[in-house]
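Enquirer: Below is one structure. I have some questions about it.
The values are calculated or read from the model by the stated rules, or taken from the named source; none is laboratory data. Computed from a predicted structure; not experimentally measured. Because the Cβ atoms are built from the backbone with ideal geometry, glycine has one as well, and the counts that use them run over all protein chains shown. Note: areas computed on protein heavy atoms with side chains; ligands, DNA, RNA excluded. Shrake-Rupley method; radii C 1.70, N 1.55, O 1.52, S 1.80 Å.
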Amino acid sequence: MMKPNIWRSFAAGVAVAAAGITLLHASQADSAIRFELKHISFRLENDETPAKNAPETMAGGVAVFDYNGDGRPDIFFANGANLATLKKDDPKYRDRLFRNDGNGVFTDVTDKAGLGGSGFDVGVAVADYDNDGHPDIFVAGVHGNTLYHNNGNGSFADVTEKAGLARSVDPEYGPLWAVAAVWVDVNNDGLLDLFVVNYLQWTYSSTALCSGGGMADYCHPRYYKGLPNQLFLNKGDGTFEDVSKQWGIREHVGKGMGAGMADYDLDGRQDIFVPNDASYASLFHNTGSKFEEVAFEAGVALPEDGNFISGMGLDFRDFNNDGYPDIAVVALARQTFPLFQNKGDGEFKEVTTPSGMRGLSMPMSGFGAALYDFDNDGWKDLFVTRGDVESISVMGMKIDQANTVFRNLGASGKWEALTEEAGFGAAPAARHRGCAFGDLDGDGRVDIVATALGKDAEIWMNRSPNAGHWLDVALTGTRSNRDGIGARIKVVSKRGVQYNHMTTSAGYASSSDGPVHFGLAGDSRAESVEIHWPSGIVQTLQNVGADQVLKVTEPAK
């Protein structure tokens with residue numbers, strides 16, 4: 001038996017009893033960011049086995065998106081299955097779709113939608129891949145993925161085989177285990193392509209392979225071989241072509257845990273960052289006809305101390321308002337949550353320590369991560385779903401943890417950690433996993449949906465008491481893809497300039513498809529909103545009022 005099974009190094013011999021440090025900076029009453037817990041009738045079933053099979057601890061993707069076009073964000077949960085068979089042989093394993101009826105009411109419409117699923121599903125990615133005005137769903141899973149086409153009448157059709165995405169066994173690497181996916185137009189032809197993140201070569205075992213503290217626990221990823229990611233080009237006729245080899249993706253074998261897309265060098269082409277588990281991260285730079293892996297050259301292959309981390313969820317988004325997308329990654333306790341700040345010259349500098357994030361995150365284990373402005377002060381904050389990989393505490397390590405939001409303190413470059421202060425203590429500590437975001441109640445404040453292994457899902461309604469004005473930009477592409485994915489948006493108001501871009505990929509195994517959100521603090525209007533569409537068209541709107549969803553259609557030229 002392999003032992004010990006520790007996902008991170010405890011070489012220093014310092015117990016992560018440090019995880020018991022309470023990072024308090026203000027009382028809950030004084031907190032600038034605050035959430036209220038609401039419940040929804042979904043439980044993440046990961047089929048935890050005595051043998052501790054790896055997929056059990058990696059479940060939990062969730063999506064927030066408006067599937068029926070009524071203007072209210074709905075919620076889709078990916079769910080597990082019987083691990084021995086990878087079949088949903090019990091109703092408890094069904095994936096679930098909940099319709100947002102308003103007034104805090106969510107109705108289970110899974111049956112009508114046809115989204116119950118059949119296998120052990122992990123991740124979800126949402127986008128309108130056929131430009132028909134209805135968001136579709138890709139579900140990433142263990143040894144099988146599914147593409148659902150939105151029929152526009154409240155139902156979905158499984159088109160995996162028809163689309164050319166049904167192959168689940170690679171002739172060289174065997175069965176594929178996908179964790180996440182990114183919808184991205186890699187060649188700027190107006191059609192969304194699909195980047196699939198694959199994790200480990202795994203087969204079911206009825207006996208424990210690894211242990212921790214003398215008991216069975218999950219094996220460190222070094223005991224598994226990795227898998228290459230995949231890139232599928234959208235052919236525009238409902239089918240996809242696997243171009244992983246031609247585009248330079250297949251040659252890079254990793255243990256991917258997520259992916260984020262952004263045009264980090266502002267050359268008009270979307271790039272992709274992939275954190276790998278206990279290995280070098282990958283940064284795929286888009287040349288227009290292939291990807292070049294440039295993580296070392298760009299300075300994002302490893303964090304500041306040069307050690308491998310269990311890179312989990314991430315967001316690839318500008319957090320310092322200089323117009324260049326940055327990278328935020330989360331990992332396990334004693335590994336920190338690395339922050340890579342884009343220098344604007346094709347390289348990044350890590351600011352984990354000077355920003356204060358190293359000290360704040362050192363005792364924490366994170367899975368999902370996303371950058372949203374929760375208090376509408378004009379600076380994107382970082383929300384993290386927390387919880388460890390392991391199921392057994394070793395050396396005082398905390399397994400179950402409460403979620404945390406790191407408030408961006410603006411031009412100082414510093415962050416503060418808000419846990420109890422933000423209201424997250426209202427839910428029991430757990431092994432949290434996926435997270436997705438949207439304004440569920442239409443009040444201009446971004447809400448959160450989070451999952452936890454073997455626990456009920458959590459809806460965190462944003463009740464930040466003094467949240468400022470806001471502006472949501474909802475895009476409709478014409479020459480570009482209909483969702484406007486990849487569009488860069490610059491908003492100028494009296495308080496300054498801020499930037500964001502349209503993507504549905506952030507967090508861990510999750511997807512958030514909604515308007516691009518901007519907090520405007522005390523400004524009641526934006527002086528200008530400038531949109532750089534993927535087609536190359538630049539569109540500018542002047543004197544835009546705050547506190548609205550601004551619907552913008554891409555001009556013909």
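Enquirer: If you count only protein heavy atoms with a 1.4 Å probe, what accessible area per residue comes out for the chain, rounded to a whole Å²?
Expert: Spelled out: the 1.4 Å probe surface of the chain, per residue, equals 34 Å².
Enquirer: Pairs to check: Lys225/Lys349; Lys87/Lys455; Lys349/Lys398; Lys349/Lys494; Lys88/Lys398. Give those whose C-alpha atoms are more than 25 Å from each other in this structure.
Expert: Lys225/Lys349; Lys349/Lys398; Lys349/Lys494; Lys88/Lys398
Enquirer: R0 = 22 Å: FRET efficiency of Glu297 with Val497, Cβ-based, nearest 0.05?
Expert: Efficiency, rounded to the nearest 0.05: 0.15.
Enquirer: What's the FRET efficiency of Thr207 with Leu266 using the Cβ-Cβ distance as r and R₀ = 51 Å, to the nearest 0.05?
Expert: The pair Thr207/Leu266 has a calculated efficiency of 0.45.
Enquirer: What is the log10 of I(q)/I(0) for segment 292-378, computed with the Debye formula using one identical point scatterer on each Cα and no solvent, at q = 0.21 Å⁻¹?
Expert: Values, matching the q order: -1.05.
Enquirer: Over all alpha-carbon pairs of segment 150-206, lay out the pair-distance distribution in 5 Å bins, whole %, shortest bin first.
Expert: 4, 13, 15, 22, 19, 14, 7, 4, 1, 0
Enquirer: Which FRET efficiency, nearest 0.05, do Glu304 and Asp108 yield, Cβ-Cβ r, R0 41 Å?
Expert: Using R0 = 41 Å, I get an efficiency of 0.35.
Enquirer: In Å, what is the Rg of the alpha-carbon atoms in the chain, and how long is Dmax?
Expert: 21.4, 67
Enquirer: If you don't mind, another one. What translational diffusion coefficient, to the nearest whole µm²/s, does segment 80-173 have by Stokes-Einstein, given a Kirkwood radius computed over alpha-carbon pairs, a temperature of 20 °C and 1.002 mPa s viscosity?
Expert: D, rounded to a whole number, is 150 µm²/s.
Enquirer: Under a crude label model (7 Å from the Cα following the beta-carbon direction), how far is Tyr223 from Val538 in nanometres?
Expert: Each label point lies 7 Å from its Cα, and together they span 5.5 nm.
Enquirer: Any idea what diffusion coefficient segment 152-291 gets from Stokes-Einstein, in µm²/s, Kirkwood Rh on alpha carbon pairs, 4 °C, 1.567 mPa s?
Expert: 78 µm²/s
Enquirer: Moving on to the next point. Once fully extended, how much extra length lies between Lys235 and Lys162, figured as 0.36 nm per residue of separation less the alpha-carbon to alpha-carbon distance?
Expert: That pair, Lys235 and Lys162, stretches by 25.0 nm at full extension.
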